[in-house]
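Structure record follows, encoded as structure tokens.
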Amino acid sequence: MMVMGAVLVICLIAGCGGIRNDYAEKQMFRLSAAPGAASQKAIDKGAPLLVKGLEIAPEFSMSSFAYRLSQNRFSPDYYHHYMVPPARMITDVVMENLYASPYFVPVSKNPMADISFQMWGKITDLYCDIRDNVPPAAVVTVRLNLDKRTENGFKPVI
């Protein structure tokens, strides 16, 4: 009886050896601007610009990718995620490109720094459109506002 039990245990263990976990691995991604989108960094040229953190529509604030399946139906992707929250990542890309242009420089760390411009905005769309009858496309919509400092506070420019 003991020998039969030992043989049964060995057979069970050997049989389980063939079980494999064939699951898709999670992948992490970061967003970046197209190469060459920013020109060479212009050091100490341009007006001081304060870029405030961009807000994001709540339905796109998750760390996973979102897929648009129909007019009003979206689905998250369990296996594809952003490395950091998407609002922060897009804010960083906007800042890097603006500060690399000859038009703006970052505001100094001094709290009394002279700010000439401020930029703020909201990410209203961030998804992959895979609806039927539509070619697949990445959709990113950002509404940006640029304000210039005047004697009476900040006034909208664009």
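Before moving on, here are some points about what is shown:
- Take the Cβ atoms of Asn145 and Glu96, set R0 to 25 Å, and the FRET efficiency comes out at 0.85.
- Put a dot 7 Å past the Cα of Asp132, heading toward its Cβ, do the same for Lys26, and the two dots end up 3.3 nm apart.
- Heavy-atom accessible surface of the range 117-158: percent carbon and sulfur, 1.4 Å: 54 percent
- In nm, spacing of pseudo-spin labels at Arg88 and Ser63 (7 Å Cα→C-beta vector): 1.0 nm
- 3J(HN,Hα) couplings calculated from phi for the range 76-83 with the Karplus curve 6.51 cos²θ - 1.76 cosθ + 1.60 (θ = phi - 60°) are, in sequence order, x, 10, 5, 9, 10, 10, 7, 5 Hz; Gly and Pro show x.
- Close amide H contacts of Arg131 (hydrogens built in the peptide plane, cut-off under 5 Å, sequence separation of 5 or more or a different chain): none are found.
The values are calculated or read from the model by the stated rules, or taken from the named source; none is laboratory data. Here the structure is a predicted model, which means the values were calculated and not measured. Heads up, the Cβs are rebuilt from the backbone with ideal geometry, glycines too, and the neighbour counts pull from every protein chain shown. Keep in mind that these areas ignore ligands, DNA and RNA; they rest on the heavy atoms of the full protein, side chains included. Shrake-Rupley method; radii C 1.70, N 1.55, O 1.52, S 1.80 Å.
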